[in-house]
Amino acid sequence: MKQVTIYTDGACSGNPGPGGWAGIVLFGPHEKVVSGAERATTNNRMELRAVVESLRALKKPCRVSVRTDSAYVANAFNHGWIQNWLRRGWKTASKKPVKNRDLWEDLLDLMDEHEVTFVKVKGHADDALNNRVDALAVEALNLAR
C-alpha cells in the first residue's frame, strides 16, 4: 500500500455561514490540492468535508495519515467517540443525534478502502502545510461569499 499524508482544514464565516474546505494530498514528491465551498454550512462540516473529499481524491487503497487541527475530527477516532456513537445508534452521550451524520458515514465508508490514522496538529502555529491548507480553505470560503 502506498503511504500518503493528507493535510486538511475547514473555514467558516459565521457558524453557520459560508464555508470553505481544503486538502493537500502528499505522496512522495507528488502533491494534489482539493478544495471547495458551500454557501450555508458550519465549521465542523467543512472540517469533515475536507477529509472526505481528500480521501475521495485517492485512486487506489492507501495507508493514510490525516493531519488536522480539528479536535472534532481527530478526537472522534483517537478518543473513541465514533465507536460510542455507533454503539448508541448515532446518538451522543447526551442522547442527542450526532451532527453531520451524513459526512461521518461517508468518512467511515472511505475508511473501509484505506488504512487511515488521524494526527491532531496545532492550528495556526509553525506547521507550514497546516498553515497553507488553512489559507486554501479561507480562499475557498471567499469564493462562497
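General observations
- Paramagnetic reach from S65 in the range 80-115 [backbone N under 17 Å; point 7 Å along Cα→Cβ]: 115
- If the chain linking H30 and A125 were pulled fully straight, counting 0.36 nm for each residue of separation and taking away their Cα-Cα distance, it would gain 31.8 nm.
- Working note: Cα atoms of the chain, range along each principal axis, descending, whole Å: 43, 40, 27.
- Between W85, F27, L108, the Cα set farthest toward the positive side of the dipole of the range 1-121 (charges on each charged residue's Cβ, about the Cα centre) is that of W85.
- Helix-only mean residue ellipticity at 222 nm for the chain, each DSSP H run of n ≥ 4 adding -39500 (n - 2.57), per residue, nearest 500: -12500 deg cm²/dmol
- Percentage relative contact order, the chain, counting C-alpha pairs under 8 Å, at least six apart: 34
Values quoted throughout were computed directly from the atomic coordinates according to the rules given, and no laboratory measurement underlies them. Given the structure is predicted, the values throughout are model-derived calculations rather than measurements. We place every Cβ from the backbone using ideal geometry, glycine too, and count neighbours over all the protein chains shown.
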